[in-house]
Amino acid sequence: MEETWNTVNSLARKLDALSDRSDEQRWTLQALKLQEEAGEVAQAVIGALGANPRKGFSHDWDDVRKEACDVALTALVMLARMGGDPRRFFEEHIRTVAERGTGRSTPA
């Protein structure tokens, strides 16, 4: 996982270095990029199901998996671009979600 976070943080630094926009503008644009990637997952699912009569079976389920990875990576890069400690924030959030799923209460 260390290599993953190194890559995420490196991508965030590179993107920020290429931008002259304010923090909030960069974060907003990254959120829009995340939405674009989610749309590509939907497009791949439609293609895997052959649900577009014009395109037929244009994708397979591995394409869907790849697009889902793009969504996850884009979201992690967004966290990194927003500052703080994205890894800690993400891991704490995962713990909170996992505890909700098990019915255990979280300590205050």
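Are any residues in the range 1-12 loosely packed, with under 13 Cβ neighbours inside 10 Å and either farther than 20 Å from GLU67 by Cβ or aliphatic (A, V, I, L, M) (or both), and if so, which ones? Break it down into steps so the answer makes sense when it comes.
Of the residues in the range 1-12, the ones loosely packed, with under 13 Cβ neighbours inside 10 Å are 1-4, 6, 10.
Within the range 1-12, MET1, GLU2, GLU3, ASN6, SER10 qualify.
Run SER22 past the list (1) under 16 Å from VAL71 (Cα atoms); (2) polar (S, T, N, Q); (3) more than 14 Å from the chain's Cα centre (by Cα) and report the number of the one that doesn't hold.
Exception for SER22: condition (1).
Out of curiosity, is SER105 among the hydroxyl-bearing types (Ser, Thr, Tyr), in a loop (DSSP other than H, G, I, E, B) and modelled with pLDDT of 95 or more? Lay out the reasoning, then the answer.
Values: among the hydroxyl-bearing types (Ser, Thr, Tyr): yes; in a loop (DSSP other than H, G, I, E, B): yes; modelled with pLDDT of 95 or more: no.
In short, no.
Out of the residues in the range 32-83 meeting the condition of being part of a helix (DSSP H, G or I) and of a type in the set (Asp, Glu), tell me which one is surrounded by the fewest Cβ atoms within 10 Å (Cβ to Cβ).
Let us first name the residues in the range 32-83 that are part of a helix (DSSP H, G or I), namely 32-49, 61-81.
Among the residues that remain, those that are also of a type in the set (Asp, Glu) are: 36-37, 40, 62-63, 67, 70.
On the way: GLU36: 12, GLU37: 18, GLU40: 17, ASP62: 10, ASP63: 17, GLU67: 20, ASP70: 18.
In this case the residue turns out to be ASP62.
Check off (1) modelled with pLDDT under 95; (2) within 14 Å of the chain's Cα centre (by Cα) for ALA72 and give me the number that stays unchecked.
Here ALA72 clears every test but (1).
Check off (1) in a loop (DSSP other than H, G, I, E, B); (2) at pLDDT below 95; (3) under 27 Å from GLU2 (Cβ atoms) for SER19 and give me the number that stays unchecked.
(2)
The values are calculated or read from the model by the stated rules, or taken from the named source; none is laboratory data. Being a predicted model, the structure only gives us computed values, none of them experimental. Here the Cβ is made from the backbone with ideal geometry for all residues, glycine too, and neighbour counts use every protein chain on show.
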